[in-house]
Amino acid sequence: MIRQRPQGLRPNPLRRWLSRYALLLLALLVPAAGHAQQQCLKLVFNRYCLGGDVNALAQRMPPALRQDEGERVALVYYEGQDRDYVLAWRGMIYKVLRDYRIASQLHYDDLYRLLREKYGDGEDQSSFPGYAHTPGRKQISIRRGEGRAVHVWQTGAGWHLELSWTRETGLALTYIADKLEAQQTAAMQSGY
């Protein structure tokens with residue numbers, strides 16, 4: 001049985017044109033999306049694009065708090081009990097920091113072990129007073145503001161990461177875009 005089209009209904013020429021060229025349009029759009037992803041030095045915590053556009057992030061994921069100060073922008077997101085700080089300069093994300101609510105030697109050691117397995121030994125930039133030889137004494141010196149545990153991994157991919165435990169920031173894991181941070185620091189030091 002052959003179905004006949006009701007009279008008066010003809011195929012829409014625009015619809016026919018779109019169906020013919022839909023694949024061509026899709027092929028043109030896919031490289032543009034891939035190009036936008038190339039600006040991302042590192043996808044941090046599966047959410048934030050280091051080196052990416054801070055305004056696009058804020059539109060896609062509205063922050064709990066936003067602070068603008070000249071060319072600098074800070075976005076704050078809550079990740080369970082922890083906080084993520086996304087820092088940008090001239091619209092580009094140069095630093096992503098996760099501030100862990102629970103700061104303890106055990107938590108620091110767990111994070112350090114995971115990072116060492118993934119990125120290698122890194123560089124220990126910790127500083128402690130002479131009396132802090134044991135983990136307990138180091139923890140006390142950190143809480144007093146006399147010591148700090150800092151470990152840095154250089155990746156050679158335009159970014160590096162730091163695991164730190166200080167009195168000022170608590171326990172934090174920070175991803176930093178090298179060139180953007182250097183430019184931002186130079187501009188800040190020059191008074192710009």
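So that you can scan it fast, the table gives a plain yes or no per residue for (1) among the β-branched types (Val, Ile, Thr); (2) touching a strand residue (DSSP E or B) at 6+ places or on another chain (Cβ under 7 Å); (3) touching a residue at least 40 places away in the same chain (Cβ under 8 Å); (4) outside any loop (DSSP other than H, G, I, E, B):
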position: Gly136; (1), (2), (3), (4): no, no, no, yes
position: Gln139; (1), (2), (3), (4): no, no, no, yes
position: Ile142; (1), (2), (3), (4): yes, yes, no, yes
position: Glu146; (1), (2), (3), (4): no, no, no, no
position: Val150; (1), (2), (3), (4): yes, yes, no, yes
position: Leu161; (1), (2), (3), (4): no, yes, yes, yes
position: Thr174; (1), (2), (3), (4): yes, yes, yes, yes
position: Leu180; (1), (2), (3), (4): no, yes, yes, yes
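Based on what the data block shows, is Lys95 assigned to a strand (DSSP E or B), touching a Ser or Thr at 6+ places or on another chain (Cβ under 9 Å) and of a type in the set (Lys, Arg)? Here the answer is yes, as Lys95 does meet what is asked.
Taken over segment 112-122, the criterion of being surrounded by 12 or more Cβ atoms within 10 Å (Cβ to Cβ) and not in a helix (DSSP H, G or I) is satisfied by Gly122 alone. For segment 41-74, a tally of residues being outside any helix (DSSP H, G or I) and either closer than 15 Å to Tyr175 by Cα or out of contact with any Lys or Arg (no Cβ under 9 Å at 6 or more places or on another chain) (or both) returns 22. Please determine whether any residue of segment 144-163 is at pLDDT below 90, closer than 23 Å to Tyr85 by Cβ and surrounded by 15 or more Cβ atoms within 10 Å (Cβ to Cβ). Taking every residue of segment 144-163 in turn, none turns out to be at pLDDT below 90, closer than 23 Å to Tyr85 by Cβ and surrounded by 15 or more Cβ atoms within 10 Å (Cβ to Cβ). Remark: pairs (first residue in segment 78-92, over 18 Å from Pro62 (Cβ atoms) and free of Cβ contacts under 8 Å to residues at least 24 places away in the same chain; second residue part of a strand (DSSP E or B) and among the basic types (Lys, Arg); Cβ separation under 7 Å; 6+ apart in sequence or on different chains) = Asp82/Arg98.
Among the criteria (1) within 27 Å of Ala74 (Cβ to Cβ); (2) of a type outside the set (Asp, Glu); (3) crowded, with 18+ Cβ neighbours inside 10 Å, the one Ile102 does not fulfil is (3).
Determine which single condition Trp89 fails, assuming it passes every other condition in (1) of a type in the set (A, V, I, L, M, F, W, C); (2) within 23 Å of Gly170 (Cβ to Cβ); (3) surrounded by 18 or more Cβ atoms within 10 Å (Cβ to Cβ). For Trp89, the exception is condition (2). Taken residue by residue, segment 20-38 has at least one member that is at pLDDT 50 or above and either basic (Lys, Arg) or within 21 Å of Glu79 (Cβ to Cβ) (or both).
For segment 163-172, a residue qualifies if it is polar (S, T, N, Q) and in a loop (DSSP other than H, G, I, E, B), and exactly one does: Thr169.
Is segment 58-71 home to any residue that is under 11 Å from the mean Cα position of the chain (by Cα) and modelled with pLDDT of 95 or more? No, there is no match, as no residue in segment 58-71 is under 11 Å from the mean Cα position of the chain (by Cα) and modelled with pLDDT of 95 or more.
The values are calculated or read from the model by the stated rules, or taken from the named source; none is laboratory data. None of these values were measured; they are calculated from a predicted model. So basically every Cβ, Gly included, is an ideal-geometry build from the backbone, and we count neighbours across all protein chains shown.
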